[in-house]
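Asks: Quick one: the structure is below, questions incoming.
The values are calculated or read from the model by the stated rules, or taken from the named source; none is laboratory data. Note that the coordinates shown come from a computational prediction; the quantities given were computed from them, not determined experimentally. Note: ideal-geometry Cβ built from the backbone for every residue, glycine included; neighbour counts use all protein chains shown. Remember, those area values only see protein heavy atoms, side chains included, never the ligands or the DNA or RNA. Shrake-Rupley method; radii C 1.70, N 1.55, O 1.52, S 1.80 Å.
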Amino acid sequence: MSEGENGLELRSLRLTQDDFSLSADLTVPKGARVAVIGPSGSGKSTLLALIEGFLRPDAGQVRWNGRDLGPLAPGDRPLSVLFQDQNLFPHLTVFQNVALGLRPDLRLNGPQRRQVETALAEVGLAGMGARRPGSLSGGQQGRVALARALLRARPMLLLDEPFSALGPALKAEMLELVARIASASGATVLMVTHDPADARGFAELTILVDGGVVHPPRPTQALLDDPPPALRAYLGAVRP
C-alpha cells in the first residue's frame, strides 16, 4: 500500500485532560466499516472529537491518505458526522437542512437543487422537503441528517450513536441504509455503539476503547466471540 492509500491513521496519538488520558496508534483501511465499542467513559467520544478536530492531541497525528489533518479546522476535514441529536435546525425546512451540506448560505443553483432532491429520494424522503424537522419521526430525522452527509460527499463518515434512541427494527433499517450508501460511495465509516448486535450487523472491524487505550481494529466476529476480560465484563453488563 502506498503512502497515499493508507486510509485513516492515528499515529502515536496522545491526549491528557485532567486525570484522563487517551492513546491510539492504529490504521483504519480505506472503505472499511468499523464499530467503536467500550465501556462508558472509556474515551470513545474523545476519540471521535480528536479525529473531527474539536480536540487537539498533545502528541501524535491524525492522518488521512498520508496527509496530516492537524492544521485543518473541523469543517475543512474530509469527514462528515452524524450526531445523537441529528444536529438539525428546527426553523429550516427539510430541504434547507439537507442543502446546508452543499452551501451554508443556501444559495443553490438549479443543478444543486436537483442534487438535494436526489439525496432526499435516496434516503426515502422524496416529496418531504417542505416539512420541518419537528413534524418528522426520529427515523425520518435521521434520514435528513444522512442525506446532508451524503451531499457533503466526504470520504469519512463518523457516527456518534445517531440512532440510539430508535427501536431495534428502525435502528437496523437505518444502519442498513448507511451501509448501502457507504458501500456505493466507498466511504470509510466509524460508528460508536454500545450495542454489540449493531457492531456484528454493520461493521467487519471493531475498535475496542478501554481505559483510555484505543486498540487497533480487529475482525468484529472474532473480537466479540472471544472478547478480552474488560470487554467481556462490559458486554455482560449491556446484555438484556
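Asks: Can you give the % of DSSP beta bridges in the chain that are antiparallel, to the nearest 5? Walk me through the intermediate numbers first.
Replies: On the way: 19 of 38 bridges.
Around 50 percent of the beta bridges assigned by DSSP in the chain are antiparallel ones.
Asks: Turning to a different aspect of this structure: Using a Gaussian network for the chain with springs between C-alpha atoms less than 10 Å apart, which of these wobbles most: THR16, THR27, THR206?
Replies: For the chain, modelled as a Gaussian network with Cα springs under 10 Å, the answer is THR16.
Asks: Here's a follow-up. Run the accessible area of the chain with a 1.4 Å probe and give the carbon-and-sulfur part as a rounded percent. If you can, show how the numbers build up before the last one.
Replies: Numbers: 5690 of 11050 Å².
Ligands and nucleic acids excluded, carbon and sulfur reach 51 percent.
Asks: SER42: accessible area at probe 1.4 Å, nearest 10 Å²?
Replies: Looks like 10 Å² after rounding.
Asks: Can you give the Rg to Rh ratio of the chain, both from alpha-carbon atoms, with Rh computed by the Kirkwood formula?
Replies: Values: Rg = 18.0 Å, Rh = 18.5 Å.
Checking Rg against Rh, the ratio lands at 0.97.
Asks: To continue, here is another question. Based solely on its DSSP helices, what 222 nm [θ] is calculated for the chain when runs of n ≥ 4 H residues each add -39,500 (n - 2.57) and the sum is averaged over all residues, nearest 500 deg cm²/dmol?
Replies: Values: 8 runs with 84 residues, N = 240.
Calculated mean residue ellipticity at 222 nm is -10500 deg cm²/dmol.
Asks: Name the residue from SER135, ASN87, VAL28 whose Cα lies farthest towards the positive end of the charge dipole of the chain, charges +1 on Cβ of Lys and Arg and -1 on Cβ of Asp and Glu.
Replies: Towards the positive end, the residue furthest out is SER135.
Asks: Roughly what % antiparallel, to the nearest 5, for the DSSP beta bridges in segment 146-240?
Replies: Values: 4 of 9 bridges.
So the antiparallel bridges amount to about 45 percent of the total.
Asks: So what are the radius of gyration and Dmax for the Cα set of segment 109-223, in Å?
Replies: Considering segment 109-223 through its Cα atoms, Rg and Dmax are 15.6, 51 Å.
Asks: May I pose another question? Quick one: helix 168-185 against the long Cα principal axis of the chain, what's the angle to the nearest 10°, folded into 0 to 90?
Replies: That helix lies at roughly 90 degrees to the long axis.
Asks: Another question, then. For segment 40-54 and segment 194-227, compute the distance between their C-alpha centroids and round to whole Å.
Replies: Between the Cα centres of segment 40-54 and segment 194-227 lies a distance of 16 Å.
Asks: Is segment 61-178 rounded, prolate or oblate when judged by the Cα gyration tensor, a ≥ b ≥ c being the square roots of its eigenvalues, rounded requiring a/c under 1.5 and prolate requiring a/b larger than b/c?
Replies: Numbers: a/c = 1.95, a/b = 1.23, b/c = 1.58.
Oblate, since a/c reaches 1.5 and b/c is not below a/b.
Asks: Provide the per-residue ³J(HN,Hα) series for segment 30-43, in order, calculated from phi with Karplus coefficients 6.51, -1.76, 1.60 and θ = phi - 60°, each as a whole number of Hz, with x at glycine and proline positions.
Replies: 4, x, 7, 10, 10, 8, 10, 10, x, x, 4, x, 7, x
Asks: Under a 1.4 Å probe, what is the accessible area of segment 144-240 per residue, stated in Å²?
Replies: Values: 4180 Å² over 97 residues.
For segment 144-240, the solvent-accessible area averages 43 Å² per residue.
Asks: Roughly how many debye, to the nearest 20, is the charge dipole of the chain about its Cα centre, given +1 on each Lys and Arg Cβ, -1 on each Asp and Glu Cβ, and no other charges?
Replies: On the way: 25 positive and 24 negative charges, 166 e Å.
Charge dipole, the chain, about its Cα centre: 800 debye, nearest 20.
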